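Read-outs throughout are calculated quantities, based only on the coordinates presented, and are distinct from any laboratory measurement. In this text, all values refer to a predicted model and were calculated from it rather than measured experimentally. Backbone-built Cβ (ideal geometry, glycine too); neighbour counts: all protein chains shown.
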Amino acid sequence: MSANEPILGGMAQTAADRSTPLLRPGNSNCGGCGMSVGLQFLSRAIAGTPVQLVIPACCAAVAAGPFPTSGYGAPVFSSTFASAAAVATGLAHVARLNGEKTRVVCFVGDGGTYDIGMATVSAAAERDEDLLYVCYDNEIYGNTGGQRSSATPRGATTTTTPRGSELEKKDILAIMAAHRVPYVASISLAHPDDALRKLRFALDAKGFRFVHMLAPCPTGWKSEPADSIELIRLAVRSGLYAVYEVFEGSRVVINVEPEHSDAALERYLGMQGRFRKSGVELASVRAGVERSWRELRARSALGGPG
Amino acid sequence: MTTELLSANHAAAAAAALAGRANRVGRGFGGGVYPITPQSECMERLCDERFDKGQVVRVESEHSAMAVCIGFSIAGARAFTASSSNGLAYMTENVFTAAMSRLPIVMMAVNRSLGPPWNIWAEHGDTLMLRDAGWVQLYCEDNQEVLDSILTAFRLAEDRRVLLPVMVCQDAFILSHTMTPTDVPSQETVDAFLPPLDLPHRLSDRPRTVGALDGPRETEVPRAEMQRAMDDVPRVYAEVQGAFEATFGRRLADPVVPYRMDDAEIALVSIGTTAATVRAVVDEARARGVRVGGVRIRMFRPFPEDTLRQLLSRCTRVGVLDRDLAPGQGGIVWSEVRPAAPQGSIVQNYIVGLGGGDIRPKDVARILDDLCARERAGKPQFVEVG
Ligand SMILES: Cc1ncc(C[n+]2csc(CCOP(=O)(O)OP(=O)(O)O)c2C)c(N)n1
Ligand code: SF4
């Protein structure tokens, strides 16, 4: 374990937490679901701030459970698949027009963000709507049984790429940063202090804020539920998942320096049935990782006024 | 009140702005808007309006336009948008969501042909396609009726017994781009007519999921409630008519508008502006002693079957003019009117004026001649116009 990999002891419930957790116990998410962990982080970041959530069709919408119960400890509007950012736009304007402190948060999967909701997210970002958009990325359409999305990485088998996807994952952070919105960040579920700091900042900031989290999905990734956080640790250490933030579309700050470790990458791929099945070669994955880092370094070096 | 020379597009926008401002004492007003011919002038004018407590959002698609309205509405604000044709088709998913969420959103729809071929002229198939979406539908005959119907629509939609969205429909170009002197009420009278919206299920700070996953029972019950709300619409509409007349001094048209039907044995049924042409032909035929009348269906949802049954009860011949086509079935209006016509009567469908074909009195006169000469009803007939 390296210096920038804190242990997770600090995530236990404390007096500082909301009395009602954002994701309540007894919800229907699979064991080891990264999205569930992400919601715990978000819950702590939100603390006492009044929020309204917009969740489109995705696993997180299923987690709300059936009427009259609600898996969420906050008001939620469950929108159509492509519409989270547009419904949230309306909510945010009404809160503003009425002088309310409510923060509106979209909580959306990769399918609802990278694919069907792309135009909606892009437009809300371009309009700089005052909302926090959190994308939990399990790299598949989990809700419908694990089909590929444009967040599916090269080499991953899914129900629609049975021999492994041959396409490169979309660079959603670069896309969102190109909208020159106030804040874009990726957070690691294995780095709670960094993640919480950024979630709190994003919640408080004005205008459009975009936060991305890689969210292990044991069901789709064919991994052990207990390994989810370890997988994220390996993804960060190997350089596969870059943890950074972008202010106003220009100032790039890398929050966790990876080791670019091949051993970590090998373990990351080896621990997931979706990669074992396709037999994707480490070298081809490594090439994509290095290219992403070259691009990211170039952007961070260009930087902006500090 | 002032009288202005307005197109129906501008009349609709003026009404929406008045209704929006009336909710400044409530939670405000807003909506997403997106251009499409022949509706664009409505959303353009709305973008030029000023609101103390409102926001018009220029979105990237009709799908998002309705989604933004849903956001405004579920937060308790008054919401409005406008669209047409392919825009309505693109919006459809959220059109259903708005109704199933029981949101009193008002939409002005300009009836235009759905392509291909690309054709921007009048046809009713675009909104008739949405007749099953859970919206109240009103079809207008002139610009004043468009303005009055938008104001009425908010009052009707927001009534606790209804809580359903309302679509106000008008014919492409024939109304949307034709300017007529139109009475525009003052803000004070609209304020009096439209009390602030108080949405009982608005999203507040209480943990609750609106639109959660449900099983059959929890789906059946709210659907049955929608049907009951639709059943209440005619009664609430009649009350709104009373309030409208008391406030604005004008009579608002009925859900079904008969013309010289009292002793009619023959009826020509239509929606939208076709009814004006029908009236001219009825007058001309009456002068020759033909006992014919016209029936305009203004409210298509909920469908006024009982009223139609009464009006048509003495008719032996009913001609239904459809400016729409459901291929494989025929005219949509015809297929809905048929059960309301008397047993044994001849009910003939005429498909006329598709793609904006100019329906002239001589065309309707030919339809009437055909109807009078028939021994029995046949398949839907395509009537060439112009
Ligand atoms: C318009 C539309 N198309 C398809 C669906 C079916 N559908 C529901 S959720 C989903 C996938 C969601 O994937 P993602 O956003 O990645 O979230 P996840 O399920 O993985 O949490 C799909 C395809 C839908 N609800 N609406
Ligand atoms: S399928 Fe995956 S993302 Fe969905 S609840 Fe299960 S583990 Fe979580």
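With each label point set 7 Å from Cα along the Cα-Cβ vector, what nm distance links residue B:219 and residue B:132?
About 1.4 nm separates the two model spin labels.
Can you pull the mean other chain C-beta count within 10 Å for peptide A:99-108?
Working: counts 0, 4, 1, 4, 0, 3, 0, 0, 0, 0.
Rounded to a whole number, the mean comes out at 1.
For chain A, what are Rg and Dmax over the alpha carbons, in angstrom?
Just the Cα atoms of chain A yield Rg and Dmax of 18.2, 56 Å.
From other protein chains only, count the Cβ atoms within 10 Å of every residue's Cβ in B:95-103, then give the mean.
Values: counts 0, 1, 5, 0, 0, 0, 3, 0, 0.
Mean partner shielding for this stretch: 1.
Could you tell me the number of lysine pairs in the protein assembly as shown with C-alpha atoms less than 23 Å from each other, where the two lysines are 8 or more residues apart or belong to different chains?
Going through the protein assembly as shown pair by pair, I get 12.
Would you mind pulling out the separation of the Cα centroids of the range B:236-309 and the range A:115-174, in Å?
53
So if I place +1 on the C-beta of Lys and Arg and -1 on the C-beta of Asp and Glu, and nothing else carries charge, what would the dipole magnitude of the protein assembly as shown be about its Cα centre? I want it in debye, nearest 20.
The dipole magnitude comes to about 820 debye.
Under 10 Å, Cα contacts only: if you run a Gaussian network model on chain B, which one of B:224, B:341, B:89 comes out with the highest mean-square fluctuation?
Greatest mean-square fluctuation among the candidates belongs to B:224.
Using a Gaussian network model of chain A with C-alpha springs under 10 Å, which one of A:284, A:150, A:70 is most mobile by mean-square fluctuation?
In this elastic network of chain A, the residue with the biggest mean-square fluctuation among A:284, A:150, A:70 is A:284.
Where the only charges are on Cβ atoms (+1 Lys, Arg; -1 Asp, Glu), what is the dipole of the range B:1-151 about its Cα centre, to the nearest 20 debye? Could the numbers behind the result be given before it?
Values: 11 positive and 16 negative charges, 134 e Å.
Magnitude of the dipole: close to 640 debye.
Within a 10 angstrom radius of the beta carbon, how do B:237, A:133, B:259 rank from fewest other beta carbons to most? Before the final figure, lay out each step's value.
On the way: B:237 24, A:133 28, B:259 18.
By the 10 Å Cβ count, ascending: B:259, B:237, A:133.
I need A:276, B:314, B:296 ordered by Cβ neighbour count within 10 Å, fewest first. Before the final figure, lay out each step's value.
Numbers: A:276 13, B:314 16, B:296 25.
Fewest to most other Cβ atoms nearby, the residues stand as A:276, B:314, B:296.
Calculate the FRET efficiency for residue B:92 and residue B:232 from the Cβ-Cβ distance with a Förster distance of 22 Å, rounded to the nearest 0.05. Show your work: numbers first, answer last.
Working: r = 25 Å, r/R0 = 1.16.
Efficiency computed from Cβ-Cβ geometry: 0.30.
So if we plug the beta-carbon distance of residue B:310 and residue B:44 into 1/(1 + (r/R0)^6) with R0 = 60 Å, what FRET efficiency do we get, rounded to 0.05?
Values: r = 43 Å, r/R0 = 0.71.
In this case the efficiency is close to 0.90.
Just how large is the dipole of chain B about the Cα centre, in debye to the nearest 20, putting +1 at every Lys and Arg Cβ and -1 at every Asp and Glu Cβ? Working shown, then result.
Details: 42 positive and 49 negative charges, 104 e Å.
The dipole magnitude comes to about 500 debye.
What is the fewest-to-most order of B:124, A:260 by other Cβ atoms lying within 10 Å of their Cβ? The partial results should precede the final answer.
Details: B:124 29, A:260 15.
If I rank by nearby Cβ atoms, fewest first, I get A:260, B:124.
Just want the answer: with Cβ charges of +1 for Lys and Arg and -1 for Asp and Glu, which residue in A:223, A:133, A:181 is farthest toward the dipole's positive end in the range A:11-302?
Final value for the positive-end residue is A:133.
If I take every Cα pair under 8 Å that is 6 or more residues apart in chain B, average their sequence separation and divide by the length, what percent do I get for the relative contact order? Present the calculation step by step, with values, prior to reporting the outcome.
Working: 850 pairs, mean separation 62.8, N = 386.
Once normalised by length, the contact order is 16 percent.
Please report, to two decimal places, log10 I(q)/I(0) for the protein assembly as shown at q = 0.08 Å⁻¹ as given by the Debye formula with identical point scatterers on the Cα atoms and no solvent.
Debye intensities relative to I(0), on a log10 scale: -0.68.
Putting +1 on Lys and Arg Cβ atoms and -1 on Asp and Glu Cβ atoms, find which of B:42, B:56, B:157 reaches farthest to the positive end of the dipole of the range B:34-166.
So the residue we want is B:157.
How long is the gain from residue B:1 to residue B:206 if the chain were fully straight, where each residue apart is worth 0.36 nm and the alpha carbon distance is subtracted? Could you put the intermediate results ahead of the total?
Numbers: separation 205, 0.36 × 205 = 73.80 nm, distance 4.24 nm.
Result for the pair: 69.6 nm of gain on full extension.
Residue farthest toward the positive end of the dipole of the range B:243-362, with Cβ of Lys/Arg at +1 and Asp/Glu at -1: which of B:299, B:326, B:248?
Farthest towards the positive pole: B:248.
Take the alpha-carbon centre of the range B:330-386, take the same for the range B:76-117, and report the distance between them in whole Å.
29
For chain B, what is one quarter of the convex hull surface built on the Cα atoms, given in nm²? List each step's numbers first, then the result.
Values: hull surface 77.0 nm².
Average projection, Cα convex hull of chain B: 19.3 nm².
Between residue A:69 and residue B:239, what FRET efficiency follows from the Cβ-Cβ distance if R0 is 41 Å, with the result rounded to 0.05?
Details: r = 38 Å, r/R0 = 0.91.
For R0 = 41 Å, the calculated efficiency reads 0.65.
Enumerate the amide H contacts of residue B:267 below 5 Å, restricted to partners 5 or more residues apart or on another chain; note that Pro and chain-start residues carry no placed amide H.
The answer is B:293, B:317, B:318, B:319.
What nm distance separates the two modelled labels at residue A:254 and residue B:374, each placed 7 Å from Cα along Cα→Cβ?
7.8
Out of all DSSP beta bridges in the range A:11-302, what portion is antiparallel? Express it as a percent rounded to 5. Could the numbers behind the result be given before it?
Details: 11 of 34 bridges.
Roughly 30 percent of the beta bridges in the range A:11-302 run antiparallel, per DSSP.
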